[in-house]
1. I want the local charge near residue 166. Using Cβ-Cβ distances under 15 Å, sum +1 for each Lys or Arg and -1 for each Asp or Glu among the other residues.
2. How much of the accessible area of region 236-377, probe 1.4 Å, is carbon plus sulfur, in whole percent?
3. With a probe of 1.4 Å, find how much accessible area region 131-203 has per residue, and write the answer as a whole number in Å².
4. Sorted by average packing, counted as other Cβ atoms within 10 angstrom per residue and highest first, what order do 42-48, 68-74 take?
5. Within the accessible area of region 95-232, what % is carbon and sulfur when the probe is 1.4 Å and the other protein chains stay in place?
6. Please report the accessible area of residue 16 (heavy atoms, 1.4 Å probe, ligands and nucleic acids excluded) in Å², nearest 10.
7. Write down the accessible area per residue of region 224-278 in Å², having rolled a 1.4 Å probe over the full set of protein chains.
8. Measure up 202/239; 141/239; 162/273; 88/270 against 27 Å on the Cα-Cα distance and list the ones that go over.
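The values are calculated or read from the model by the stated rules, or taken from the named source; none is laboratory data. Predicted, not measured: the structure shown is a model, and the values here were computed from it. Positions of Cβ are backbone-derived with ideal geometry, glycine not excepted, and every protein chain shown enters the neighbour counts. Remember, those area values only see protein heavy atoms, side chains included, never the ligands or the DNA or RNA. Shrake-Rupley method; radii C 1.70, N 1.55, O 1.52, S 1.80 Å.
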Amino acid sequence: MPDRILVTTDDLEHAVRINAALEEAGFRTDLATSFDEARQAIRREPPPDCIVVTGGLHEARAAQLLALAREREISTLGLVEQTEPDAKGVARRLGLTGYLEKPADPAEVTATVRRLIERRKLQQRTGILGESPAIQEVLVKIEQMAPVSSTVLIEGESGTGKELVARAIHDLSPRRAKPFIAVNCAALPETLLESELFGHEKGSFTGAAERRLGRFELADEGTIFLDEVGECPPATQVKLLRVLEDRSFFRVGGTQPIKVDVRVIAATNKAIKEQVALGRFRDDLFYRLNVLSIYLPPLRERRSDIPLLVRRFIAEFAAQHERLFKGITPEALQIIVDADWPGNIRQLRNLIESMVVLAPEGEIRASDIPSDIREHFRGLPVRFTANGVPEGMGAGAGAGGQELAFILHSLVELKLQVEELRRRLDQGPQRVEVIEVGPGSAVSAPPALVEGEHAPQGELLYRPGMTMAEVERAAIEAALRDTKGNRRKAAEVLGIGERTLYRKLKEYALA
């Protein structure tokens, strides 16, 4: 079925000409005479594959429309006025997938729309998710690099998706029908890495009972992906350099050179230039690998993509584990967006899976998020040691340190609960973002608390004017409710020792 394009008529002259060109190119088109009509079209199923916004980009309604398009993962193309001093800045601020300056050639608009749709399909096929400018730049580079055979170096922290990018380059390349072979250079000891890459002859070393083909031979006419290439020992670096220069190598114990036609894509989570300066990585090999380069940003540099990733992961794991799932509260989502994520997408994905499995009543709440992530909510820089003492206080802080740790934990929890209550008062029953995981699977959110009702299990109900003692007592009661009276688990939740908890129970007559 042809792809469907939605065109707004804010600039009627452009809209009519663009609509005609798109129809002639084989697209199905719809004209939206207002932003409200466009929003309704986006919410319908199936949604359009791309939206062309012909004008009115500075209106608040346009920003709302584009935000909704990002949530539904719909590509957007904006036509920017020729008099706009910073067209690229406007596109980045609004989150447009692409932009063109007026007067726009309908043929160029058609070609751009086709390219944006193909890029979206690439994301869906490879799992490289994100609407941020940083990820869009990565996708553009993949499109540019895929058709050639030049070596590519992908740099980025662990968990950012470097192998996904390598596979995307291979899948778009003329070598897509040939093998894609991945090797983790850090996972193999030096004695085995050379044999794994280049193979060995029978009897070349103890245990070599027969000839074995290496990964380079297996990848002939295809692509080899060298993950964590910065971990290669010096001897292997020399042989890699030879392969890149001559496209030939020797098996371990072999005497005949073996020719291969293979594209090399390497990846590293280290700053290779620094490794070169320290003498740990050969500069000539670095220049051979760094013909084309892609930088994958960490999650903290693309926080605008986190809600999209969370929604996608919730839907995926709810379907996988057959959970009837409501979604995530705005408070919990904000905590996740504000977190550090040193493990990047891999860490976020694992966390969402655990919360989907363990979240009570099919809803992720702020209290379901692990304490090490909650402690950084809205920039609160409080970190605790295994004993519940704030970092920097030292091991000799003793009971006083544990008291302070408990108070700080209580303040963090109180802040979360105040935010949640404010949201409830402002938004009423809309406090849960519903995540669709299949036909008939969405569940309506429960109503907000009203005066006289009890807080749900595990939640701390804040009252204006509470003293610190009342905050502590309420935190303990909430923890005990959440752990069904298990004092050991309650102490873990509060970040204090069991003795401290017992003393507090007696102090507040809760024992």
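1. Values: positive: 125, 141, 162, 167, 175, 176, 178, 215, 263; negative: 143, 155, 163, 171, 227, 228.
After counting each charged neighbour, the total is +3.
2. Numbers: 3030 of 6120 Å².
After summing per-atom areas, the C and S share lands at 49 percent.
3. Values: 3010 Å² over 73 residues.
Accessible area per residue: 41 Å².
4. On the way: 42-48: 12.4, 68-74: 18.0.
Going from most to least packed, we get 68-74, 42-48.
5. Working: 2900 of 5900 Å².
Roughly 49 percent of what the probe reaches on region 95-232 is carbon or sulfur.
6. Here the accessible area works out near 80 Å².
7. Details: 2390 Å² over 55 residues.
The answer is 43 Å² per residue.
8. On the way: 202/239 20 Å; 141/239 29 Å; 162/273 18 Å; 88/270 31 Å.
Distance filter (> 27 Å) returns 141/239; 88/270.
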